[in-house]
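A.B. asks: Structure below; questions to follow.
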Amino acid sequence: MTITRRQTFMMALGASVAAAMPFRAFADASEDSIAAFTGGAEMGTEGLTLTAPEIAENGNTVPVEVSAPGAVSIMLLATGNPTPDAAIFNFGPLAASQTASTRIRLAKTQNVMAIAKMADGSFVQATQEVKVTIGGCGG
Amino acid sequence: MISRRDFLQASVAASAIIGASGFGRWGRLAAQQALTQDQLLQFDTYGNVSLIHVTDIHAQLKPIYFREPSVNLGVGPNKGEVPHITGADFRKLYGIDDGSASHYALSSGDFSALAQGYGKMGGLDRVATVINAIRADRPDAILLDGGDTWHGSMTCYETQGQDMVNVMNLLKPDAMTFHWEFTLGSDRVREIVQDLPFAAMGQNIFDAEWDEPSEDFKPYEFFERGGVKVAVIGQAFPYMPIANPGWMFPEYSFGIRDAHMQDMVNEVRGMGAELVVCLSHNGFDVDKKMAANVTGIDVILSGHTHDALPEPVLVGETIIVASGSNGKFVSRVDLDVRDGRMMGFRHKLIPIFSDVITPDAEVAKAIDAERAPFKDRLEEVIGRTDDTSLLYRRGNFNGTWDDLICNALLDQRDAQIALSPGVRWGPSILPGSDITREDIWNVTSMTYGKAYRSEMTGETLKLIMEDVADNLFNPDPYYQQGGDMVRVGGIGYKIDITKPIGERISDLTLLATGEAIDAATPYVVAGWASVNEDTEGPQIWDVVEDYIASQGTVSVPDNTNVVVVE
């Protein structure tokens, strides 16, 4: 078999992405939570809106909103926190909308992740990086 | 059939021709000592709506010298794109002749020499003349102020912004958005805003407790002009509580909130808006990304990053106009709006050459009245620049004004290391000139200017520098705050702007000993403009004044202590 230069490049890129993944903690604590919630099911990306600031004004209280029409349950994870589990919102059959907002504490710059369990048993996820900065020098 | 997109691009090309020929001509005419007000104002009125944009005046009532940056690096998708093109490259891009008036006004290079010939720029009395001339052509032109107006001078500080409010009211703006205004404190901002005879706007100004739009500011305002329903949506600086002290305005939350911006665009379109304008204090790269994310905005009038561009930048079907800072420019944008949409535009960035444009007498008188109680303090000469030192601020990593401020901190506060914020406001001082107290306040005045002195480990120092570098060089503009790299005194470093946070800064060296900065060792650090509420120390303008007075004549050589890798 011949490996082309392009394939080599792609492999190298894949390796470097894996090596550079900043969320090794995510693989431990967050992955357990995700596995418990989804049972290891595949996750789509359509139908769930996660709204969070790009840069937190105050890392101690970051407003986050999740919305997934038709969801029965939405889990919220702060993947870079020592304890990533932030919230699980359950929606009963009489819920007027499948939207919830809360405030979470973020220990550092990290990805906030939401996973929605839909009525048909499928799962979708959304992720956003929220930067926690010391700030100070706006011009 | 010509689609809307084709028409816009055709219009862009037309604007480029107007811009280039106009600029080139001014250059030659100026060389012949024939730059005239009529030529600066020449504009064939077009379409049915005119917008006038001023932004980031930073309380500069009087004409000033202001050197544009020679270093303004873009990252990610913005590498090598305007406004991240400077000096000779900028002139080549826009067809500007070396030594021309537009070279002097818009780009760096030969600044001190050209300043001698072309003189100071700006002055709100000259700005008033230009606005009045545009209104003579188009009486119902909409004047929009992009903010950073009530900050940046001694008179503004001492009157808590009232001098600027009084003078700007004479110019009769139609709407305004905000940034540094909030550093007056939220009580004072509300006090002024309640009496403003025009709209105070920001769709992204939210109530911090409820995370809902604040009732103190309007998201948008409608104007009926030339038979056209125009909606102007405000966008305040998104990162106010992070870049500036949040404790001064704790009731408010900001952020980019582009989903809410889309809701506002849809709302005004639903109410019949035929033209949607965003008056923005996002900064240029953030505006470019927002223009791509939000559909339905025709024009973004961009502020915050102090860029002066002779042509609009087109993103999708949105034109983005950047009008410079410190009163140097006024943008005029004429628009042809028909059948409920923007069909074309004509644009001119009008440079305010203060020796060419006649001051408006009423506004000139009002400015002098505002300054009168402070005249003696303002005009006192503290020292001089030597014959080779131009004091300027703009640049990603350093400016000679900031080098001087860092030297003042090291000397007057007996520190090993000095830190000075990478702000972009503050006029320049020519070589061989007096430095007055006003000049010092113009580059230091703020409501949180106390010069602290504390100990920091090398690790903390690096953490701060990495954090600020990421606010400037994060490849995603939504994670940038505008401003420049924190200025340092007493140390040197290397920065690789292509790396991620934590890996950009290296080779930190204490210049006094030539030794590497040690992570665990505490160093004595002096700085100013801390966002922490309990900061103690003398005001920075007093520190700088004492230092300049002690020096008599100041000399600030080129700074070679920062090595940049792109």
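The values are calculated or read from the model by the stated rules, or taken from the named source; none is laboratory data. Every value quoted in this text rests on a predicted model; they were computed, and no experiment measured them. Cβ sites come from the backbone with ideal geometry, for glycine too, and all protein chains shown count toward neighbours.
A.B. asks: Could you tell me which residue of the range B:469-479 is farthest from B:I505 (Cα to Cα), considering only residues that are in contact with a helix residue (DSSP H, G or I) (Cβ under 8 Å, 6 or more places away or on another chain) and more than 9 Å from chain A (Cβ to nearest Cβ)?
C.D. replies: B:P477
A.B. asks: Considering (1) among the hydrophobic types (A, V, I, L, M, F, W, C); (2) more than 14 Å from the chain's Cα centre (by Cα); (3) surrounded by fewer than 24 Cβ atoms within 10 Å (Cβ to Cβ), say which one B:A308 fails and leave the rest.
C.D. replies: Result: B:A308 passes all but (2).
A.B. asks: At least 3 residues that are away from chain B (no Cβ under 14 Å) in each: list the strands (runs of 3 or more DSSP E) lying fully within the range A:34-129 that qualify.
C.D. replies: A:71-78, A:85-90, A:110-118
A.B. asks: Output the number of the condition that B:F182 fails; it satisfies all remaining conditions of (1) within 14 Å of chain A (Cβ to nearest Cβ); (2) within 27 Å of B:R424 (Cα to Cα); (3) free of Cβ contacts under 8 Å to residues at least 60 places away in the same chain.
C.D. replies: Among (1) within 14 Å of chain A (Cβ to nearest Cβ); (2) within 27 Å of B:R424 (Cα to Cα); (3) free of Cβ contacts under 8 Å to residues at least 60 places away in the same chain, B:F182 violates only (3).
A.B. asks: A further question follows. How many residues are closer than 21 Å to B:P477 by Cβ and either surrounded by fewer than 18 Cβ atoms within 10 Å (Cβ to Cβ) or among the β-branched types (V, I, T) (or both) if we restrict to the range A:45-75?
C.D. replies: Within the range A:45-75, residues that are closer than 21 Å to B:P477 by Cβ and either surrounded by fewer than 18 Cβ atoms within 10 Å (Cβ to Cβ) or among the β-branched types (V, I, T) (or both) number 3.
A.B. asks: Of all residues in the range B:455-468, which are over 19 Å from B:N398 (Cβ atoms), within 14 Å of chain A (Cβ to nearest Cβ) and touching a residue at least 60 places away in the same chain (Cβ under 8 Å)?
C.D. replies: Within the range B:455-468, B:M456, B:E459 qualify.
A.B. asks: May I pose another question? Residue check: is B:E317 modelled with pLDDT of 95 or more and out of contact with any Gly (no Cβ under 6 Å at 6 or more places or on another chain)?
C.D. replies: Spelling it out, it is not the case that B:E317 is modelled with pLDDT of 95 or more and out of contact with any Gly (no Cβ under 6 Å at 6 or more places or on another chain).
A.B. asks: Output the residues belonging to the range A:82-108 that are surrounded by 20 or more Cβ atoms within 10 Å (Cβ to Cβ) and closer than 30 Å to B:V468 by Cα.
C.D. replies: Selection gives A:P84, A:A86, A:I104, A:L106.
A.B. asks: State which residue is surrounded by the most Cβ atoms within 10 Å (Cβ to Cβ) when the search covers only the range B:328-344 and only residues that are out of contact with any His (no Cβ under 6 Å at 6 or more places or on another chain) and either outside the structural domain of B:K288 (by TED's automatic domain parsing) or closer than 13 Å to B:I52 by Cα (or both).
C.D. replies: Among those that are out of contact with any His (no Cβ under 6 Å at 6 or more places or on another chain) and either outside the structural domain of B:K288 (by TED's automatic domain parsing) or closer than 13 Å to B:I52 by Cα (or both), it is B:V330.
A.B. asks: Still on this structure: Quick one: in the range B:521-539, of everything that is within 14 Å of chain A (Cβ to nearest Cβ) and either touching a Ser or Thr at 6+ places or on another chain (Cβ under 8 Å) or surrounded by 17 or more Cβ atoms within 10 Å (Cβ to Cβ) (or both), which residue is farthest from B:N474 (Cα to Cα)?
C.D. replies: Once the filter is applied, the top-ranked residue is B:T535.
A.B. asks: Within the range B:409-443, can you find the residues that are among the hydroxyl-bearing types (S, T, Y), within 21 Å of B:N532 (Cβ to Cβ) and away from chain A (no Cβ under 14 Å)?
C.D. replies: none
A.B. asks: Within the range B:85-95, can one find any residue that is at pLDDT 95 or above, of a type in the set (D, E) and either within 20 Å of the chain's Cα centre (by Cα) or surrounded by fewer than 18 Cβ atoms within 10 Å (Cβ to Cβ) (or both)?
C.D. replies: yes
A.B. asks: Residues being of a type in the set (D, E, K, R) and part of a helix (DSSP H, G or I): count how many of those fall in the range B:108-137.
C.D. replies: 4
A.B. asks: Of (1) part of a helix (DSSP H, G or I); (2) touching an Asp or Glu at 6+ places or on another chain (Cβ under 9 Å), B:D140 satisfies all except one. Which?
C.D. replies: It fails just one condition, (1).
A.B. asks: Search the range B:346-368 for residues that are of a type in the set (S, T, Y) and pair each with any residue that is surrounded by fewer than 19 Cβ atoms within 10 Å (Cβ to Cβ) when their beta-carbon atoms are under 9 Å apart and the residues are at least 6 apart or on different chains.
C.D. replies: B:S354/B:G119; B:T358/B:Q37
A.B. asks: I would also like to ask the following. Of the numbered conditions (1) more than 24 Å from B:I256 (Cα to Cα); (2) surrounded by 17 or more Cβ atoms within 10 Å (Cβ to Cβ); (3) in contact with a Gly (Cβ under 8 Å, 6 or more places away or on another chain), B:G492 fails exactly one; give the number of that condition.
C.D. replies: Result: B:G492 fails condition (3) only.
A.B. asks: Okay, next question. I'd like to know if the range B:543-565 contains one or more residues that are within 14 Å of chain A (Cβ to nearest Cβ) and surrounded by 15 or more Cβ atoms within 10 Å (Cβ to Cβ).
C.D. replies: no
Listed here are the residues, each with its yes/no results for (1) more than 26 Å from A:T133 (Cα to Cα); (2) within 13 Å of another protein chain (Cβ to nearest Cβ); (3) crowded, with 20+ Cβ neighbours inside 10 Å; (4) not aliphatic (A, V, I, L, M).
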| site | (1), (2), (3), (4) |
| --- | --- |
| B:Q235 | no, no, yes, yes |
| B:R257 | no, yes, yes, yes |
| B:H260 | no, yes, no, yes |
| B:M271 | yes, no, no, no |
| B:L275 | yes, no, yes, no |
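A.B. asks: Now for a different question. Just one of the numbered conditions (1) more than 25 Å from B:D89 (Cβ to Cβ); (2) in contact (Cβ under 8 Å) with a residue 60 or more places away in the chain; (3) aliphatic (A, V, I, L, M) is not true of B:A308; which one?
C.D. replies: The one condition B:A308 does not meet is (1).
A.B. asks: Just to be sure before I move on: is B:G449 in contact with a helix residue (DSSP H, G or I) (Cβ under 7 Å, 6 or more places away or on another chain) and at the interface with chain A (Cβ under 10 Å from one of its Cβ atoms) in the structure I sent?
C.D. replies: Against the criterion (in contact with a helix residue (DSSP H, G or I) (Cβ under 7 Å, 6 or more places away or on another chain) and at the interface with chain A (Cβ under 10 Å from one of its Cβ atoms)), B:G449 does not qualify.
A.B. asks: Is at least one residue of the range B:357-366 closer than 24 Å to B:Y118 by Cβ, in contact with a Gly (Cβ under 9 Å, 6 or more places away or on another chain), outside any loop (DSSP other than H, G, I, E, B) and not assigned by TED's automatic domain parsing to the domain that holds B:K172?
C.D. replies: So far as the range B:357-366 goes, no, none of its residues is closer than 24 Å to B:Y118 by Cβ, in contact with a Gly (Cβ under 9 Å, 6 or more places away or on another chain), outside any loop (DSSP other than H, G, I, E, B) and not assigned by TED's automatic domain parsing to the domain that holds B:K172.
A.B. asks: Conditions first: (1) free of Cβ contacts under 8 Å to residues at least 24 places away in the same chain; (2) buried (at least 20 other Cβ atoms within 10 Å of the Cβ). B:S506 passes all but one, so which condition is the exception?
C.D. replies: Failing condition for B:S506: (2).
A.B. asks: So B:D518 clears everything in (1) within 28 Å of the chain's Cα centre (by Cα); (2) more than 14 Å from chain A (Cβ to nearest Cβ); (3) more than 25 Å from B:L404 (Cα to Cα) except one condition, right? Which one?
C.D. replies: (1)
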